[in-house]
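Comments concern the structure below.
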Amino acid sequence: MSADPIRVAVIGAGGMGRCHAQNIAASAGAAVAWVADPDVSAGLSLASAVGAAHTVDPAAAIGDVDAVVVASPDRFHSSHVRLVFDAGLPIFCEKPLTDQLVDAKAIVDGEAALGRRLIQLGFMRVYDPRHRQVEAALADAGEVHHIRCVHRNPYRVERSLETILVESMIHDIHTVRWLSGSSISQVSTDVVERGAGIRFVLLTLGLANGGVATIEFDEAAVGYEVSVEVAAERANVVASEPVRAVVRRSGLMSSALGDDWFAPFVEAYRLEMTVWLESVRAGGATGPSAWDGFVAQCVVDAAVTAAESGAPVTVEVPATPSIYDSEESREEPDERE
Ligand code: ISE
């Protein structure tokens with residue numbers, strides 16, 4: 001192991017690029033060397049905040065670094081990841097893997113062709129202390145029968161079903177697979193419209209272990225909330241509420257419900273970056289993989305088809321490339337086969 005700091009290039013100076021760059025800059029033994037963003041003002045602002053150089057060209061940014069964060073807009077992930085594949089460097093890729101299933105497939109095919117994992121994907125709930133407590137409680141709780149995910153977004157913009165699924169609900173889809181230890185074999189989708197837009201989405205997921213999961217997503221809620229509840233053979237586990245002050249005033253007892261999706265997961269973002277930097281140092285990717293991202297997108301695709309047809313749709317996932325074999329070892333045998 002080298003004592004030299006890990007030099008990282010961050011592609012994308014938006015909200016998530018900023019978050020990851022600041023976490024890297026605050027880590028012992030790591031530094032942001034380059035920030036790449038075509039928006040010169042955003043790129044320079046982030047670069048100067050973390051002591052890095054700025055370029056508009058991602059290829060120039062990755063020339064003399066040890067590892068790369070891809071936090072560009074979702075539609076550019078595929079081309080940026082493949083650029084870094086050519087350089088053979090470890091990659092932290094923000095979720096979703098891409099915004100299109102075909103591009104997600106190209107990424108996992110490309111990584112499989114390299115013969116080893118280079119990517120850790122930003123499914124950061126895996127590092128969220130509230131979710132980790134649920135995972136720990138499930139360790140000896142037996143088979144998972146039901147998972148209920150609730151995701152409330154206080155969004156005021158109109159998003160299509162595909163966008164809601166790929167940007168937001170993809171987190172819950174991964175949570176179901178991760179906490180159940182089972183693959184998702186079938187999906188039904190119910191959508192509630194508000195005016196011209198979507199207000200509510202309910203996914204009902206059939207699990208390969210014979211269980212079921214539901215994901216309730218509110219697009220225009222009064223505040224931001226994420227919760228998960230699991231019924232298993234020997235335990236019922238509910239994620240704790242985020243820690244918030246309880247205020248007694250004017251005859252009321254209340255606690256603030258924020259509308260910011262970032263604040264409740266600050267620690268998760270910090271931890272996922274720590275884990276990633278450790279894996280770069282150790283020389284092997286860990287954590288959520290590109291395959292996890294691809295499988296979640298297969299579920300998204302099936303959910304869109306299910307919404308169109310009004311009927312349950314079977315989730316088709318190709319055979320797992322061998323570089324991801326350890327991912328599948330978490331899964332139970334398929335009882336429905
Ligand atoms: C956002 O992009 C995120 O990743 C948040 O975690 C999620 O809760 C939100 O719905 C997304 O828009």
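The values are calculated or read from the model by the stated rules, or taken from the named source; none is laboratory data. All figures in this text were calculated on a predicted structure; none of them were measured in a lab. We place every Cβ from the backbone using ideal geometry, glycine too, and count neighbours over all the protein chains shown.
Exactly one of these conditions fails for residue 88: (1) crowded, with 17+ Cβ neighbours inside 10 Å; (2) touching a Leu at 6+ places or on another chain (Cβ under 8 Å). Give me its number.
All conditions pass for residue 88, except number (1).
Look at the stretch 67-95 and say how many of its residues are farther than 16 Å from residue 112 by Cβ, within 16 Å of the ligand (Cβ to nearest atom), touching a residue at least 60 places away in the same chain (Cβ under 8 Å) and assigned to a strand (DSSP E or B).
The number of residues fulfilling the criteria is 2.
Any residue in the stretch 123-131 that is touching a Ser or Thr at 6+ places or on another chain (Cβ under 6 Å) and within 12 Å of the ligand (Cβ to nearest atom)?
yes
Which of the residues spanning the stretch 193-223 are away from the ligand (no atom under 16 Å from the Cβ), within 19 Å of the chain's Cα centre (by Cα) and surrounded by fewer than 21 Cβ atoms within 10 Å (Cβ to Cβ)?
Correct list: 214 only.
Look at the stretch 224-260 and say how many of its residues are at pLDDT below 95 and within 15 Å of the ligand (Cβ to nearest atom).
Number satisfying all stated conditions: 5.
Report yes if residue 274 is touching a residue at least 24 places away in the same chain (Cβ under 8 Å), of a type in the set (Ser, Thr, Tyr), more than 12 Å from the ligand (Cβ to nearest atom) and over 25 Å from residue 23 (Cα atoms), otherwise no.
It is false that residue 274 is touching a residue at least 24 places away in the same chain (Cβ under 8 Å), of a type in the set (Ser, Thr, Tyr), more than 12 Å from the ligand (Cβ to nearest atom) and over 25 Å from residue 23 (Cα atoms).
Could we say that residue 223 is part of a strand (DSSP E or B), of a type outside the set (D, E, K, R) and under 28 Å from residue 133 (Cα atoms) here?
yes
Which residues, counting only those in the stretch 271-291, are closer than 17 Å to residue 110 by Cβ and either among the small types (Gly, Ala, Ser) or surrounded by fewer than 22 Cβ atoms within 10 Å (Cβ to Cβ) (or both)?
Going residue by residue through the stretch 271-291, those that are closer than 17 Å to residue 110 by Cβ are 285, 289-291.
285, 289, 290 - these are the residues of the stretch 271-291 that are closer than 17 Å to residue 110 by Cβ and either among the small types (Gly, Ala, Ser) or surrounded by fewer than 22 Cβ atoms within 10 Å (Cβ to Cβ) (or both).
State yes or no: is residue 275 more than 26 Å from residue 30 (Cβ to Cβ), at pLDDT 95 or above and of a type in the set (Val, Ile, Thr)?
no
Taking the stretch 226-251, which residues are assigned to a loop (DSSP other than H, G, I, E, B), under 21 Å from the mean Cα position of the chain (by Cα) and not small (Gly, Ala, Ser)?
Hits for the stretch 226-251 are 241, 242.
For the structure I just gave you, tell me whether residue 148 is outside any strand (DSSP E or B) and among the basic types (Lys, Arg).
Numbers: outside any strand (DSSP E or B): no; among the basic types (Lys, Arg): yes.
Against the criterion (outside any strand (DSSP E or B) and among the basic types (Lys, Arg)), residue 148 does not qualify.
Which residue is farthest from the ligand (Cβ to nearest atom), if the candidates are limited to the stretch 104-122 and must be surrounded by fewer than 22 Cβ atoms within 10 Å (Cβ to Cβ) and of a type in the set (D, E, K, R)? Give the derivation first.
The first filter runs over the stretch 104-122 and keeps only residues surrounded by fewer than 22 Cβ atoms within 10 Å (Cβ to Cβ), leaving 105-106, 109-110, 112-116.
With of a type in the set (D, E, K, R) added as a condition, the list becomes 105, 109, 116.
Working: 105: 22, 109: 25, 116: 27 Å.
Applying the filter and picking the extreme gives 116.
Can you find a residue in the stretch 13-21 that is over 19 Å from residue 121 (Cα atoms) and surrounded by 23 or more Cβ atoms within 10 Å (Cβ to Cβ)?
Step one: list which residues in the stretch 13-21 are over 19 Å from residue 121 (Cα atoms), which gives none.
Checked against the condition, which is being over 19 Å from residue 121 (Cα atoms) and surrounded by 23 or more Cβ atoms within 10 Å (Cβ to Cβ), the stretch 13-21 yields no hits at all.
Evaluate the following for residue 177: is it among the charged types (D, E, K, R), buried (at least 22 other Cβ atoms within 10 Å of the Cβ), out of contact with any Phe, Trp or Tyr (no Cβ under 7 Å at 6 or more places or on another chain) and more than 16 Å from residue 260 (Cα to Cα)?
Yes.
So how many residues does the stretch 151-192 have that are away from the ligand (no atom under 11 Å from the Cβ), outside any helix (DSSP H, G or I) and at pLDDT 95 or above?
Within the stretch 151-192, residues that are away from the ligand (no atom under 11 Å from the Cβ), outside any helix (DSSP H, G or I) and at pLDDT 95 or above number 13.
For a quick check of your reading of the model, give me the residue pairs whose first member lies in the stretch 108-125 and is within 18 Å of residue 71 (Cβ to Cβ), whose second is within 16 Å of the ligand (Cβ to nearest atom) and of a type in the set (D, E, K, R), with beta-carbon atoms closer than 7 Å and at least 6 apart or on different chains.
121/95; 121/292; 122/94; 122/95; 122/272; 123/95; 123/292; 124/272
Output the residues belonging to the stretch 192-225 that are among the β-branched types (Val, Ile, Thr) and touching a Phe, Trp or Tyr at 6+ places or on another chain (Cβ under 6 Å).
Once the filter is applied, which keeps residues that are among the β-branched types (Val, Ile, Thr) and touching a Phe, Trp or Tyr at 6+ places or on another chain (Cβ under 6 Å), the stretch 192-225 yields 192, 201.
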